[in-house]
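**Student:** Dropping the structure in here first, questions after.
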Amino acid sequence: MGTWDNIQIKKGKGGCGDVTPEQKNNLIEHAVSTWEGMGLSDEQIAFGIGVMGLESGFNPRAKGVKSDTESGLGQFIDDTWKEAVHHYNTRPEHATRLEADIDPDKGRDDPDSQIAVMGPWLRKTWERAGTIPGRQRPSGYRFEEIAYQKWKGMNKPPEVINKDLREPAYNNPNIRDYFTTNVDRARQALRMRRSAGQGGMGVHP
């Protein structure tokens, strides 16, 4: 069995999940390699795999059904995509890594650009979620679920995150259980990679 075979593909409207298992596995492998190179922790990477699965079913051509501008692996709307590209291009380590800038227009439909831009944005999302005091986090929900709500809106205040986490739409097993199951399976696969000496780093904040 391949490393990422247990990661489920979510089918949906707008081309969500319109990929083969082989395409899904190759895309995840490329994303993991890219994000490990950027220094993301294993838990951040597993979170990113969960986000890609839930948002696009691992299809970089997926289009949103709630907004005309949602697209790609992370289902960025246009304004957030431009902000994420700017964050990627201007982060301090960008110059030292000798990375080429990503053009927000040309990179919009390019899977490699989508994966690259997602890396620093995943870390930022994770870190923003970590600033929410424990007393303001809803009980019964995992940290990556709180981080996912930040992915859906970086500036969401805790009270909105708490409300959105309790919405029936999120607690649908096809959404919540799918997301958390993929995150758990990704963590397990990353632990196996690390045990085999293939990289991986970091712990929960």
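The values are calculated or read from the model by the stated rules, or taken from the named source; none is laboratory data. Here the structure is a predicted model, which is why all the values come from computation and not from measurement. Counting neighbours? That spans all protein chains shown, and the Cβs are built from the backbone with ideal geometry, glycine included.
**Student:** For residues that are more than 18 Å from the chain's Cα centre (by Cα) and among the β-branched types (Val, Ile, Thr), tally how many sit in region 125-157.
**Tutor:** 2
**Student:** Right, here's the next one. For Glu29, state whether it is free of Cβ contacts under 8 Å to residues at least 40 places away in the same chain and among the charged types (D, E, K, R).
**Tutor:** Yes, satisfied.
**Student:** Return the residues of region 82-101 that are surrounded by 12 or more Cβ atoms within 10 Å (Cβ to Cβ), of a type in the set (A, V, I, L, M) and at pLDDT below 95; say none if nothing qualifies.
**Tutor:** Within region 82-101, none qualify.
**Student:** Sticking with this structure for a sec: Can you tell me which of (1) in a loop (DSSP other than H, G, I, E, B); (2) crowded, with 19+ Cβ neighbours inside 10 Å is the one Tyr148 doesn't meet?
**Tutor:** Looking at each condition in turn, Tyr148 falls short on (1).
**Student:** Could I ask something else about it? Evaluate region 131-140: report whether one residue or more is outside any loop (DSSP other than H, G, I, E, B) and under 20 Å from Glu36 (Cβ atoms).
**Tutor:** No, region 131-140 has no match at all.
**Student:** When the residues of region 102-139 are narrowed to those that are among the polar types (S, T, N, Q) and out of contact with any Gly (no Cβ under 8 Å at 6 or more places or on another chain), which ends up surrounded by the fewest Cβ atoms within 10 Å (Cβ to Cβ)?
**Tutor:** Per the criteria, the residue is Ser139.
**Student:** Can you tell me which residues in region 179-194 are out of contact with any Ser or Thr (no Cβ under 8 Å at 6 or more places or on another chain) and surrounded by fewer than 18 Cβ atoms within 10 Å (Cβ to Cβ)?
**Tutor:** Thr180, Thr181, Asp184, Gln188, Arg191, Arg194, listed by residue number.
**Student:** Which pairs do you get when a residue that is within 18 Å of Phe179 (Cα to Cα) and of a type in the set (Asp, Glu), found in region 128-144, comes within reach of a residue that is surrounded by 12 or more Cβ atoms within 10 Å (Cβ to Cβ) and modelled with pLDDT of 95 or more, reach meaning Cβ atoms under 7 angstrom, with the pair 6+ apart or on two chains?
**Tutor:** Once the first residue is within 18 Å of Phe179 (Cα to Cα) and of a type in the set (Asp, Glu) and sits in region 128-144, its partners that are surrounded by 12 or more Cβ atoms within 10 Å (Cβ to Cβ) and modelled with pLDDT of 95 or more give Glu144/Phe47; Glu144/Gly50; Glu144/Val183.
**Student:** Would you call Thr69 of a type in the set (S, T, N, Q) and touching a helix residue (DSSP H, G or I) at 6+ places or on another chain (Cβ under 9 Å)?
**Tutor:** Judged against the criteria, Thr69 is a match.
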